Amino acid sequence: MGEPDYPAFVPPAASPPGWRPALQTATASTLAIACSELILPNRWYWAAFAAFVMFRETRSRGESVAKGTAFVIGTTAGLVAGQLLATLLSGHELPSIVAIVIAVFLAFQANVIAYSVMVFWITVILGLMFGMMGYFTFDVLLTRLEESAIGVASGVLVACLVLVRRERDVTEEADTAFLNALRNLVRGAAAVLLEGKPTRNLASHILGTGQRFRELEAVAASEQSSFGMVRRERLRRRVMVLGACENWGRELGTICLRSGRIEDAGLTKIAADALARTDATLGYLTGAGSKTAGAVAGADTANNVVPAGADDPISHAVHLLLRLDAALDRVAAIRDERASVR
């Protein structure tokens, strides 16, 4: 079985990935500056910054809007906390410096966890710094909130009107990228298990599959916040099953990095059938082939042949293949269910 390299991500032809966010950012920032100059001309750069961050590391309209909303929420909460802390520590330079250092640390940590929490701590830092410099007033932070709202409103308008990318399209692209990466991983495992040929790129396929799934999780979370309950539930089930596939694929690849060819003729036949069905199902899901049937039945039959508690890595690898086979058949069923209701 061959091992072609599939592209990890296929951008839409009409809008190169580098130009779409750049044009959206430029347009939103220009609109934010213009609106700020008309309404609140004092600190227009805060409006421009709010518009700018909305399109940083976002891939769809929903992600941009969600990031802008988080920016306003974090700024609002930080406005209240910054006012309280700046008032409490006013005239106390050393405690203010200590509080700023702590807030910087918490902002850095929050960047990984929640964007709105990071913005909250940044707003608190601004309040403390203004207090130390002696010209802190509540109006300063209030102006930041107002300018942020102008910037986010400009960004939302641009995200919904200029070079729009729907959440569904981005999710489908990420879904296809993950399935292609998983197909590369499965084919690499097949080369080891059936032919005894070590796959040079198997480790990179394991890492790539994990990365593609994390990207899929991120864009799916954005789409789940934008659609009705039925579609959200269908997408949630699909991502949950694909997450199991990613776990099993990673474990299968790890075993194949340490093991060799299957020697038992019965296991070889089971693995070959499961690999063929899995490869065909992945081809169907990515639009590169037709659907196969019998994955669940095949798994049930094989479970009677391979002991469930076997400690042999090769037997465990075959079990993982059977789980992938059945799970991907379920993913195909979810896809067909979705297509039938469109």
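Before we move on, is Glu172 out of contact with any Gly (no Cβ under 9 Å at 6 or more places or on another chain) and within 30 Å of Arg335 (Cα to Cα)?
Yes; evaluated as a whole, the condition is true for this residue.
Looking only at residues that are open to solvent by 80 Å² or more (accessible area, probe 1.4 Å) and among the aromatic types (Phe, Trp, Tyr) in region 104-139, which one is farthest from Gly91 (Cα to Cα)?
Phe108
Could you please find all residues in region 193-220 being open to solvent by 60 Å² or more (accessible area, probe 1.4 Å) and either at pLDDT below 85 or among the acidic types (Asp, Glu) (or both)?
Going residue by residue through region 193-220, those that are open to solvent by 60 Å² or more (accessible area, probe 1.4 Å) are 195, 197-198, 200, 204, 207, 211, 214, 217.
Across region 193-220, the qualifying residues are Glu195, Lys197, Pro198, Arg200, Glu217.
If Asn42 satisfies all but one of (1) open to solvent by 40 Å² or more (accessible area, probe 1.4 Å); (2) in a helix (DSSP H, G or I); (3) among the polar types (S, T, N, Q), what's the number of the condition it fails?
(2)
What is the number of the single condition among (1) modelled with pLDDT under 85; (2) open to solvent by 20 Å² or more (accessible area, probe 1.4 Å); (3) over 33 Å from the mean Cα position of the chain (by Cα) that Ile262 does not meet?
(2)
Conditions first: (1) open to solvent by 50 Å² or more (accessible area, probe 1.4 Å); (2) modelled with pLDDT under 80; (3) over 22 Å from the mean Cα position of the chain (by Cα). Ala310 passes all but one, so which condition is the exception?
Every condition holds for Ala310 apart from (1).
With the structure loaded, tell me whether Arg187 is touching a residue at least 60 places away in the same chain (Cβ under 8 Å) and open to solvent by 70 Å² or more (accessible area, probe 1.4 Å) or whether it fails that test.
Numbers: touching a residue at least 60 places away in the same chain (Cβ under 8 Å): yes; open to solvent by 70 Å² or more (accessible area, probe 1.4 Å): no.
Considered against the rule, which asks whether it is touching a residue at least 60 places away in the same chain (Cβ under 8 Å) and open to solvent by 70 Å² or more (accessible area, probe 1.4 Å), Arg187 comes out as no.
Let's see how each residue does on (1) modelled with pLDDT of 90 or more; (2) open to solvent by less than 50 Å² (accessible area, probe 1.4 Å):
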{"site": "Gly82", "(1), (2)": "no, yes"}
{"site": "Ala86", "(1), (2)": "no, yes"}
{"site": "Leu89", "(1), (2)": "no, yes"}
{"site": "Ala99", "(1), (2)": "yes, yes"}
{"site": "Ile102", "(1), (2)": "yes, no"}
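Residue pairs, Cβ under 8 Å, 6 or more apart or interchain, first in region 112-140 and over 14 Å from Val80 (Cα atoms), second at pLDDT 90 or above and not hydrophobic (A, V, I, L, M, F, W, C). List them.
Hits for this filter: Tyr115/Gly74; Ser116/Gly74; Met118/Gly74.
The values are calculated or read from the model by the stated rules, or taken from the named source; none is laboratory data. Note that the structure is a prediction, hence the values are computed from the model and not measured. Here the Cβ is made from the backbone with ideal geometry for all residues, glycine too, and neighbour counts use every protein chain on show. These accessible areas exclude ligands, DNA and RNA; they are computed on the full protein's heavy atoms, side chains included. Shrake-Rupley method; radii C 1.70, N 1.55, O 1.52, S 1.80 Å.
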